[in-house]
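Just below is one structure, and these are the notes that go with it.
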Amino acid sequence: MQDAQNYIQQHKQRFLDELIELLKIPSISADSAYKDSVIKTAEVVKKQLSAAGCDHVEICETPGYPIVYGEKIIDPKLPTVLVYGHYDVQPPDPLDLWNSPPFEPVIQKTDLHPEGAIFARGACDDKGQMYMHVKALEYMTQTNQLPCNVKFMIEGEEEVGSESLEGFVTKNQEKLANDVILISDTGMIANDIPSITTGLRGLSYVEVEVTGPNRDLHSGLYGGAVANPLNILAKMIASLHDENNHITIPDFYDKVEELSSEERAKMAEAPFNKEAYKKALDIDDIYGEKGYTTNERNSIRPTLDVNGIWGGYTGEGAKTVIASKAYAKISMRLVPHQDWKEITQLFKSHFESIAPEGVRVEIKPHHGGQGYVTPIDTVAYQAASKAYEKTFGKTPIPQRSGGSIPIVSLFEKELKSKTILMGFGLDSDAIHSPNEHFGVWNYLKGIETIPQFYHYFASMQ
Ligand code: BES
Ligand code: MN
Ligand code: MN
């Protein structure tokens, strides 16, 4: 594999151009106005998988958006890697905060990406990272170095809960049979501090609606005499954390895995620069659950956050009104052993129980999913670790992430295989935010590192 760097340098411009073409299509799964674009993206992925050397590439129809499936089976006796990724993206809004339009990719230098980064919605999450695998396959087939079998499964509903993928995986266990699942849809610590993601958090997402009087009222004539749904909602939400920032929902922590002090000490070895963290976010202090570090708060601890809160008058100027209804969207990030359906139920019972007289509350659960932990004492993890050693010249640090890819726990349940999360993005790449980007260096480094994983995984069996 000595020639990987040469091959990448030689084809670098085309690798970038192809990704840029993919990024121009606004595959926003959450917004039905973009339906045609989402479907078109699946077709481009299909075409590129075939061009990269996959056989039998197909668009698998589902009740929602299609799943692109392709495979290259060189010898059924050899191990099989199943690559998963997603071609759908988050909505780009607020649009006015983008420095360049989200679906007109541009390459620009940044402090952390001196060689340039591609700015576009989906650049890092997940078109850019998914496409590294397509180009890694191209390299391995073109140079006759594919050492094992490979299957690709690229979906278009990850950002909205992977509903159709669940049925697809359950129905196609044989087709999807594999020895390891490989995903690049996470991040790493820094370009000079490679890390492998060993954990994902679970998720419970709910919407709450608080209803007071049957109509909006004059806030002078009725203010103080009826329960104001917005005041009440604010109070109820505030009560969900105590003074130590622990979550107050009864039994919420019952199943939370407590790490041993050795494990926590090991975690603390991962570099964290508090001043740089504060500066990057322009905050004067960090915040969170008492007794835990920032790295712990956003990985091994469960959390509860309001993602949106609305109601009443929010237009220009002042309108004196008591709204009839108040709303909020709330997410809870969960850790291993917490069951998302159980947590959703605990939230519902608690939130209903704290509603005072004078209002009614309704709780609507959205999608959710279980957390996941990758064991590090496996051939697959060792192969991944060696791959980074080869291309970064450093042993990667195992690190749990705060994000969620709910389908990973279903893969384990249905396909009985472990997942390796080789992410090449940085936390600062602004996924889901305005000005999302992905370093050109990171993109190419991913393409270089992935074939090394195949090489070690096949040879260590
Ligand atoms: N790729 C992200 C998840 C992620 C990002 C994990 C960075 C670890 C590090 C994925 O596309 C995502 O956004 N997941 C959602 C959940 C999903 C059900 C919408 C999330 O984590 O909010
Ligand atoms: Mn993603
Ligand atoms: Mn995402």
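Data for the structure
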| quantity | calculated |
| --- | --- |
| Boolean, Pro398 is away from ligand 1 (no atom under 16 Å from the Cβ), closer than 26 Å to Ala136 by Cβ and either open to solvent by 70 Å² or more (accessible area, probe 1.4 Å) or at pLDDT below 95 (or both) | no |
| Candidates Leu415, Leu421, filtered to the one that is within 16 Å of ligand 3 (Cβ to nearest atom) and modelled with pLDDT of 95 or more | Leu421 |
| Residue tally, condition more than 16 Å from ligand 3 (Cβ to nearest atom) and open to solvent by less than 10 Å² (accessible area, probe 1.4 Å), over region 153-187 | 6 |
| From Asp111, Asp93, residue being open to solvent by 10 Å² or more (accessible area, probe 1.4 Å), within 16 Å of ligand 1 (Cβ to nearest atom) and not in a strand (DSSP E or B) | Asp93 |
| Residue within region 7-19 that is touching a strand residue (DSSP E or B) at 6+ places or on another chain (Cβ under 8 Å) and assigned to a helix (DSSP H, G or I) present | yes |
| Filtered residue count, region 26-72, keeping only those that are open to solvent by 10 Å² or more (accessible area, probe 1.4 Å), in a strand (DSSP E or B) and either basic (Lys, Arg) or in contact with a helix residue (DSSP H, G or I) (Cβ under 6 Å, 6 or more places away or on another chain) (or both) | 3 |
| Identity of the residue in region 263-286, loosely packed, with under 10 Cβ neighbours inside 10 Å and touching a helix residue (DSSP H, G or I) at 6+ places or on another chain (Cβ under 9 Å), that ends up nearest to Ile397 (Cα to Cα) | Asp285 |
| Any hit, region 234-247, residues being farther than 30 Å from Lys394 by Cα, touching a helix residue (DSSP H, G or I) at 6+ places or on another chain (Cβ under 6 Å) and in a helix (DSSP H, G or I) | no |
| Scan of region 408-447 for residues that are open to solvent by less than 10 Å² (accessible area, probe 1.4 Å), within 16 Å of ligand 2 (Cβ to nearest atom) and either in contact with a Ser or Thr (Cβ under 9 Å, 6 or more places away or on another chain) or in a loop (DSSP other than H, G, I, E, B) (or both), ordered by number | Val408, Phe411, Thr419, Ile420, Leu421, Met422, Gly423, Phe424, Gly425, Glu436, Gly446 |
| Residue pairs meeting the criteria (Cβ under 7 Å; at least 6 apart or on separate chains; first over 14 Å from Ile237 (Cβ atoms), in region 300-322; second open to solvent by 100 Å² or more (accessible area, probe 1.4 Å)) | Tyr313/Lys319 |
| Number of positions in region 43-97 that are touching an Asp or Glu at 6+ places or on another chain (Cβ under 9 Å) and within 16 Å of ligand 2 (Cβ to nearest atom) | 12 |
| Options Leu82, Leu137, Leu97: the member that is at pLDDT 95 or above and either more than 19 Å from Tyr69 (Cβ to Cβ) or acidic (Asp, Glu) (or both) | Leu97 |
| Pairs with Cβ under 9 Å, 6+ apart, first in region 327-356 and closer than 17 Å to Asn298 by Cα and within 16 Å of ligand 3 (Cβ to nearest atom), second among the aliphatic types (A, V, I, L, M) and open to solvent by less than 50 Å² (accessible area, probe 1.4 Å) | Ser331/Leu203; Ser331/Val206; Ser331/Leu304; Arg333/Leu203; Arg333/Leu304 |
| Some residue of region 119-133 being away from ligand 3 (no atom under 16 Å from the Cβ), out of contact with any Asp or Glu (no Cβ under 6 Å at 6 or more places or on another chain) and open to solvent by 10 Å² or more (accessible area, probe 1.4 Å) | yes |
| Count of residues meeting criterion [in a loop (DSSP other than H, G, I, E, B) and open to solvent by 50 Å² or more (accessible area, probe 1.4 Å)] in region 249-262 | 7 |
| Restricting region 137-165 to residues that are assigned to a helix (DSSP H, G or I) and under 17 Å from the mean Cα position of the chain (by Cα), the residue that is farthest from Lys127 (Cα to Cα) | Glu163 |
| Selected residue (criterion: nearest to Phe438 (Cα to Cα)) from residues of region 114-136 that are part of a loop (DSSP other than H, G, I, E, B) and of a type outside the set (A, V, I, L, M) | Cys124 |
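Listed here are the residues, each with its yes/no results for (1) over 30 Å from Glu104 (Cβ atoms); (2) within 16 Å of ligand 3 (Cβ to nearest atom).
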| residue | (1), (2) |
| --- | --- |
| Val379 | yes, no |
| Gln399 | yes, no |
| Pro406 | yes, yes |
| Leu410 | yes, no |
| Gly425 | no, yes |
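The values are calculated or read from the model by the stated rules, or taken from the named source; none is laboratory data. Source: prediction; values computed, not measured. We place every Cβ from the backbone using ideal geometry, glycine too, and count neighbours over all the protein chains shown. We work out accessible area using only protein heavy atoms, side chains counted, and drop any ligands, DNA or RNA first. Shrake-Rupley method; radii C 1.70, N 1.55, O 1.52, S 1.80 Å.
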